[in-house]
Structures are given as C-alpha cells and as structure tokens.
Amino acid sequence: MVDQLSDVQAAIEAVEKYHIPSPFKGGDTDTVLWATHKDQGIHDVTHFFDYTRLKPVRAAGNTYVDDLQSFAALVSRFADQDETVIFANEGHLSITAILNHHTKLSATGIEPGFGDHRVVYKIPKSDEWKAWMDAAGVSMNQGVFAEFIEDHGLDIVGEPVESLPQRVQSFLVEQGLSLATPRQMVEFSRGLAVHRNRKVDQKVNLSTGEVRFQTEDEDVTKDGTKLKIPGAFMIRIPVFLNGPTWLIPVRLRYRIKEGTINWSIAPYKADLVQKTAFDEIVDVIEGKAAATKDDPYESLREQALLSHLPLYRGTAPDEAKVRP
C-alpha cells in the first residue's frame, strides 16, 4: 500500500513539474510571461493583467492638433528636457514632437526610447492661398475671371513700388512690368471691348529688289485708343491658416482670339513664399524674431515655450520596434 501511495505521489509531482505553467517576469517589471512545459512555449500574458490596472504603464499615442498655439502648449506640458525632440518636415508641411525619443547618456551611448508618444501639427494652408494657387496658369474667359476677382478682390492691394521688398522691385524692373491697382483689376474683370489691329510694314531693297514685310499687332479699345494693361498686380494673403500675410506679385496676362479675351494669372515664386512661411513657423518654435510686421505669433515668441528643445529639419523616425 505504501509503495502504491509513493507511486501516486510521484505521478502528481511529475504532472505539476511538466504540465503546470510557471509565471516569471520578462524584460521589464511590467511584462508577465508564462512558460508552459507541455508545449515548451513562452507566452506573453501581460494583457490579462492590464484589465486590473488603474492607469496605463506609460504614456503613448499620437495627438494631432489644429494650430501652432495648441502644439506649443501641449508639447510644453509633457516635454522632457532629455527625451523630447522636434522634427520639422517642409515637404509634408508638418511639425512632430516625439516626447519619448532616445536619450543621450554619454559620448558613446544612448538610452533607447520607444518614440511612440507624439504631438503632430499638420500645417493647413489658408483658403486664400489655395484659391490663388489653384487659379495659377488657368485660362479664364471674361465671366470666370470676373467671378474670381469678385470673390478674391479683397486680397489685391495697391502698394507703392518704392515700399515693396527689394526682391519684388527687382522682379518688376527686370520684367519691365507696371502694377495694376485694385480699381483697375475690378475694371478689367467687368469687361473690355478690345479689337486687334494688324499693321503691315513693307520694306524694299532697291538694289536687289528684295521685299520684306513686318507685321505688328496692336490691341485697341472701342474708341480706338491703344490698350494698356499692366503686366502685374500685388496680393497680400496668408500662406497658412491663421498665419501672417505675405506680399506676392502676380503676373497678369491676356490673350485675344476671335474677338474674345482670356485672362491668366501667375503668382511669382510661390514655392519660395511657402518655404519662407514654413521657416517662419520654425523660427517661432525656436523663439527667433519675427520676419514680418504682421505677426500673429507674437505671444508665442515671447513665451518661448519650446526654444529649449532640440529641433531638426527632416522626417520624424518610425516608432521603436521591440523584438518579440
């Protein structure tokens, strides 16, 4: 009988040893692994314990804000001097703050961070900017042009040439352009009665008998006076929503075909203006002085909430991958 009890006890101990799973801690104190002897497997069962937690193990997730003020306030609230890094991506027009980035410990080593706690500001373009850029290079008949000027006429400004930035003055001089006033633009949009006269100049070389003809087209109004349309005008619009306004020269072109006039516009170096506007936002984050008198970010510059944090130009890295 004693031998039989001993055999039973041995069987029980074998089952407990080889079939009952054993819990143990993983790579950090918040991970619980479960080793099962039966299938020789190790299983992560941490999520079963998550239901009993009163709060998350650590902060994570992406927060998308709608304006620069919210970005600065939220990043400032959670930023860590050693872990927080900001990336400014001009191509994607976005500013990303990684609140738990890698930490530099010494000249030779770093403390890796998950990089999965972020604040993202995708900079929205203003409605004015989108409207003028969408119209750039588009041939508009008189009706379409009139409607466009009526909808966006308040963006057109009449600035004295001598008060314009030097780059704009140089552009006008190099192209030989004069500026249309807001009143003239309204008049152009309301319609012009234009006729095209063609002059033919005949020249004869008496010694050779060669005859040359030179033609010249001249656009005149209905009363016969020569039509003079300035080749450019100025607009002042914000590039980004709620951002400062920028002074931009716009080429004005017209074509007459079969008595019908068509208009087109071309903002001068719009890509450079957009780049400058993006640089201005970066300057605000870094606490630098304003580049324009019209500065809606003045209070943010004064607060300099993020000027102590490192900022890099480029794409924010992917979140850290933890090997299973």
* Asked: Looking at region 65-72, is at least one residue touching a helix residue (DSSP H, G or I) at 6+ places or on another chain (Cβ under 7 Å), on the phi < 0 side of the Ramachandran plot and among the polar types (S, T, N, Q)?
  -> yes
* Structure fact -> When restricted to Val75, Val119, the only residue more than 18 Å from Phe240 (Cβ to Cβ) and open to solvent by less than 70 Å² (accessible area, probe 1.4 Å) is Val75
* Please go through region 120-176 and pick out each residue that is touching a strand residue (DSSP E or B) at 6+ places or on another chain (Cβ under 6 Å) and among the hydroxyl-bearing types (Ser, Thr, Tyr). => Tyr121, Ser126, Ser139
* Structure fact -> Taking region 145-190 and keeping only residues that are part of a helix (DSSP H, G or I), within 19 Å of Ile261 (Cβ to Cβ) and either in contact (Cβ under 8 Å) with a residue 40 or more places away in the chain or open to solvent by less than 50 Å² (accessible area, probe 1.4 Å) (or both), one is left with Phe145, Ala146, Phe148, Ile149, Gly153, Gln184, Met185, Phe188, Ser189, Arg190
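Suppose we keep only residues that are part of a strand (DSSP E or B) and open to solvent by 10 Å² or more (accessible area, probe 1.4 Å) within region 226-251. Which one would you say is nearest to Gln142 (Cα to Cα)?
Restricting to residues being part of a strand (DSSP E or B) and open to solvent by 10 Å² or more (accessible area, probe 1.4 Å), the top hit is Arg251.
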* Please list, ordered by first then second residue, the pairs with beta carbon atoms under 8 Å, 6 or more apart or interchain, first in region 106-128 and in contact (Cβ under 8 Å) with a residue 60 or more places away in the chain and within 18 Å of Val282 (Cα to Cα), second outside any strand (DSSP E or B) and aromatic (Phe, Trp, Tyr). => Ile123/Phe278
* Asked: So His308 fits all but one of (1) of a type outside the set (D, E, K, R); (2) modelled with pLDDT of 90 or more; (3) assigned to a helix (DSSP H, G or I); what number is the exception?
  -> (3)
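The values are calculated or read from the model by the stated rules, or taken from the named source; none is laboratory data. Small disclaimer: the values here were computed from a predicted structure and weren't measured. Reconstructed Cβ throughout: ideal geometry from the backbone, glycine too, with neighbour counts over all protein chains shown. Side chains included, ligands, DNA and RNA excluded: accessible areas come from the protein's heavy atoms. Shrake-Rupley method; radii C 1.70, N 1.55, O 1.52, S 1.80 Å.
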